[in-house]
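One structure is given here, and the rest of the page talks about it.
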There are 4 protein chains.
Amino acid sequence: MSTSIQDVIIITTGGTIEKTYDEFDGSLQNRGTSIKNRILTKMRLPYTNISVSPLMSKDSLFMDDVDRESIASCIQDHMSHNCPIVVLHGTDTMSLTAEHCYKTLPAPKVAVVFTGAMIPMGFDDSDAAQNVTEALLAAKLLAPGFYISFHNQVFALPNVRKNKEKGTFESY
Amino acid sequence: MSTSIQDVIIITTGGTIEKTYDEFDGSLQNRGTSIKNRILTKMRLPYTNISVSPLMSKDSLFMDDVDRESIASCIQDHMSHNCPIVVLHGTDTMSLTAEHCYKTLPAPKVAVVFTGAMIPMGFDDSDAAQNVTEALLAAKLLAPGFYISFHNQVFALPNVRKNKEKGTFESY
Amino acid sequence: MSTSIQDVIIITTGGTIEKTYDEFDGSLQNRGTSIKNRILTKMRLPYTNISVSPLMSKDSLFMDDVDRESIASCIQDHMSHNCPIVVLHGTDTMSLTAEHCYKTLPAPKVAVVFTGAMIPMGFDDSDAAQNVTEALLAAKLLAPGFYISFHNQVFALPNVRKNKEKGTFESY
Amino acid sequence: MSTSIQDVIIITTGGTIEKTYDEFDGSLQNRGTSIKNRILTKMRLPYTNISVSPLMSKDSLFMDDVDRESIASCIQDHMSHNCPIVVLHGTDTMSLTAEHCYKTLPAPKVAVVFTGAMIPMGFDDSDAAQNVTEALLAAKLLAPGFYISFHNQVFALPNVRKNKEKGTFESY
């Protein structure tokens, strides 16, 4: 809560939040990250130094165990920097990946906050900017551990899941 | 961090964040609150039950000791509900009001988070939605106490001030 | 150019301009029209009385001769009202449909202006609002005939085509 | 109506449409033009080559006869380029200036279209982008002469005035 600069790492893995529309073929797909242009440059972050680390660009329905291990490994590498981590991830298997990280990295040194969106960034009614804004703040304020932050609510792992009917997350 | 509904109270006092443009006389002024229409209805808040409590509608440069006491008194009344409180306030004297509340309400039972904006809600480059989003989450996550939340940074009272050159807040 | 109220008819047929995102299945598809909520309610039209006539809701790549005849027939019916007509249509076969109407309705009594978009309405960088705004004005200003209006340019039929590389239309 | 590039000149004179908010002093004033960044870069104009010519930056309530003569003179100079002209102007005295030009420049070689806005560009509910989009197209489509284009309606001079109660223009 001081006014020194705080480093934060954002690991991007794809998901609805990062899907973009290609006007030439009409497809809506994951193709790299656009969080800098679409969200971060529109925020005011005078005390936050963000490094974006693009790891993969996948619809989370198509992620497998190798992908989840790759994400856990990437988080572990970045933990050595001792700064909070935000992970952008598809909502459909976000809780699976977060739970995998929670189990395989038992003593995290920093807060690791997963988030995503129901509607891609850059759409009128998107929840992406809200979720990213909240995840960045949550990552700074929370104790070390694994969390999902979504729709102004923070859930500590384990026992978090997507509620598909409501289009949000819940603990159980 | 559960999935039960969380009550939050927003006390509005005016400030740049709430200034609106009147197209018939061309003035940009405080005239009541529009946080519901301009910000809250555009957010996804499935677990947050917000009560907006409009107290006054003033440019904070024109607030005096009576106004600050009125704000402190309003906060004290709402504390009985045992839920987090967000206060929308002009930036020019926000730290004065927050410090006044910090001194006159020494044992707050809830987190009280002041925020505002450099540019009014409803303008293209406004920081209002970002600041409100962050203040709502901060109010839920923080321990009881008085805070200013601004630009993805949380400052615990006392010893917080506006930095006019940078257009943000800082601790000292 | 007077200040009496001007009736305008908008016939919607689908196309990219009208595709919407379903956050529950992640699909981007034509499913009815949302031009009222997404565009018309955000415009100021004190002298324009718009009737939206939803005819079909198809990606224009999947339109066939029956669809084109149905559109021509719908235009013919509406011509009896003696007011300008705007047709929302997918870009891929817009010039085919417009040319079909141009040939089968040789003596139009009103201006019939086709338009669409490269990016669906409701996306950050969408050209939908611009194209609709222009088509409405063009329909009022132009002499009876068939036109495609796109990206602040009006093309009189025949001999208009989409330029796929440039993502716009051109005459030839 | 071809696909060759069309030159258009935009003369800016100030007015509500060009007022900008200064977050450091809280003022909403005319200070230069921002039409390129705020409107033109967000439009698709593949066939339009726009030159922005900033003439003055005044609330039109404070314009006097010298200003109106200066605007007429600037229009006359640009007419030699033989391309359509759009003039951004405050709404309060727009019809006075347009009428002055209509009278002092009796045989215009091009269409000269005045427009402005009730709410400055860059505000959520601004009519600026709509009015500029329409004025650009109207300037291309209309016969030589002086016009006010506002809210999807074109008024040929003379006998046009602002209707302050309705917040738009009308002929009389």
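The values are calculated or read from the model by the stated rules, or taken from the named source; none is laboratory data. The model shown is predicted, which means the values in this text are computed figures rather than measured ones. Methodologically, a virtual Cβ is constructed for each residue, glycine included, from the backbone with ideal geometry; neighbour enumeration extends over all protein chains shown. Each accessible area value is taken on the protein alone, full model and side chains, heavy atoms only, with ligands, DNA and RNA left out. Shrake-Rupley method; radii C 1.70, N 1.55, O 1.52, S 1.80 Å.
A compact table of results
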| read-out | value |
| --- | --- |
| Residue mean of other protein chain beta carbons inside 10 Å, A:35-48 | 4 |
| Net charge dipole size for the protein assembly as shown [Lys, Arg +1 and Asp, Glu -1 on Cβ; Debye, nearest 20] | 0 |
| Additional length obtainable on full extension of the chain from residue B:27 to residue B:65, 0.36 nm per residue less Cα span | 11.0 nm |
| For residue A:119, net neighbour charge (Lys/Arg +1, Asp/Glu -1) across residues whose Cβ lies under 11 Å away | -3 |
| For residues of B:149-160, the mean tally of beta carbons on other chains within 10 Å | 4 |
| Estimated 222 nm signal from helices in chain D, with DSSP H stretches of n ≥ 4 weighted -39500 (n - 2.57), rounded to 500 | -7500 deg cm²/dmol |
| Interface burial for D against B (accessible surface, 1.4 Å probe, total of both chains, Å², rounded to 100) | 1500 |
| Positive minus negative residues near residue D:10 (Lys, Arg vs Asp, Glu; Cβ under 12 Å) | -1 |
| Solvent-accessible area, 1.4 Å probe, carbon plus sulfur percent, for the range C:61-124 | 53 |
| Separation in nanometres of the label points that stand 7 Å from Cα toward Cβ, at residue C:124 and residue D:124 | 1.9 |
| Distant-in-sequence amide H partners of residue B:50 (H built 1.01 Å from N, under 5 Å) | B:8 |
| Listed residue pairs exceeding 26 Å between alpha carbons, taken from C:42/C:166; A:58/B:42; C:19/D:166; C:42/C:140 | C:42/C:166; A:58/B:42; C:19/D:166 |
| Cα point-scatterer Debye curve for the protein assembly as shown, base-10 log of I(q)/I(0) at q = 0.07, 0.08, 0.09, 0.11 Å⁻¹ | -0.55, -0.70, -0.87, -1.17 |
| Rounded FRET efficiency, nearest 0.05, which uses the C-beta distance separating residue A:104 from residue B:104 and R0 of 51 Å | 0.55 |
| Å² per residue, accessible surface of the range B:29-172 at 1.4 Å | 39 |
| Shielding by other protein chains, A:24-32, mean Cβ within 10 Å | 3 |
| Neighbourhood charge, 12 Å Cβ-Cβ cut-off, centred on residue D:42 and excluding it, Lys, Arg +1 and Asp, Glu -1 | -1 |
| Relative contact order computed over chain B (Cα-Cα under 8 Å; 6+ residues apart), in percent | 22 |
| Dipole in debye (nearest 20) - the range B:6-171, about Cα centre, beta carbon charges: Lys, Arg +1; Asp, Glu -1 | 500 |
| Whether chain A is rounded, prolate or oblate, judged on the alpha carbon gyration tensor where a/c under 1.5 counts as rounded | rounded |
| DSSP bridge pairs, the range B:24-163: antiparallel proportion in percent, nearest 5 | 35 |
